[in-house]
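The values are calculated or read from the model by the stated rules, or taken from the named source; none is laboratory data. These numbers come from a predicted model, not from an experiment. Note: ideal-geometry Cβ built from the backbone for every residue, glycine included; neighbour counts use all protein chains shown.
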Amino acid sequence: MANDQTEYYTDDLKKLKERVSKCDIDTLDSIEFFLGEANAYTAGITADIEKEVRDEIKIFKKYCSCTKRYR
């Protein structure tokens, strides 16, 4: 199953990594997608996919910044 999911999410993981490497705010859209996928199915996403997403989140937090505009 892990290989099936890895293949299934290849394009989405690639998009996430590209967004992170550009410090693109659309990174949040990718994370939202994976969160939805994790909650959409009983089995969720595999630990491998979760680890890749978490690794990209760590990279984003370390190298990218956002400015507060909301309030």
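Observations on the model:
- Among the criteria (1) closer than 24 Å to N3 by Cα; (2) at pLDDT 95 or above, the one A47 does not fulfil is (2).
- Within the range 51-71, residues that are of a type in the set (S, T, N, Q) reach no partner that is surrounded by 10 or more Cβ atoms within 10 Å (Cβ to Cβ) and assigned to a loop (DSSP other than H, G, I, E, B) with beta carbons closer than 7 Å at six or more positions or on different chains.
- Once the range 6-40 is narrowed to residues that are assigned to a helix (DSSP H, G or I), among the β-branched types (V, I, T) and over 11 Å from the mean Cα position of the chain (by Cα), the residue that is surrounded by the most Cβ atoms within 10 Å (Cβ to Cβ) is T6.
- Selection count, the range 41-71, where residues are closer than 14 Å to L13 by Cα and either of a type in the set (D, E, K, R) or not in a helix (DSSP H, G or I) (or both): 9
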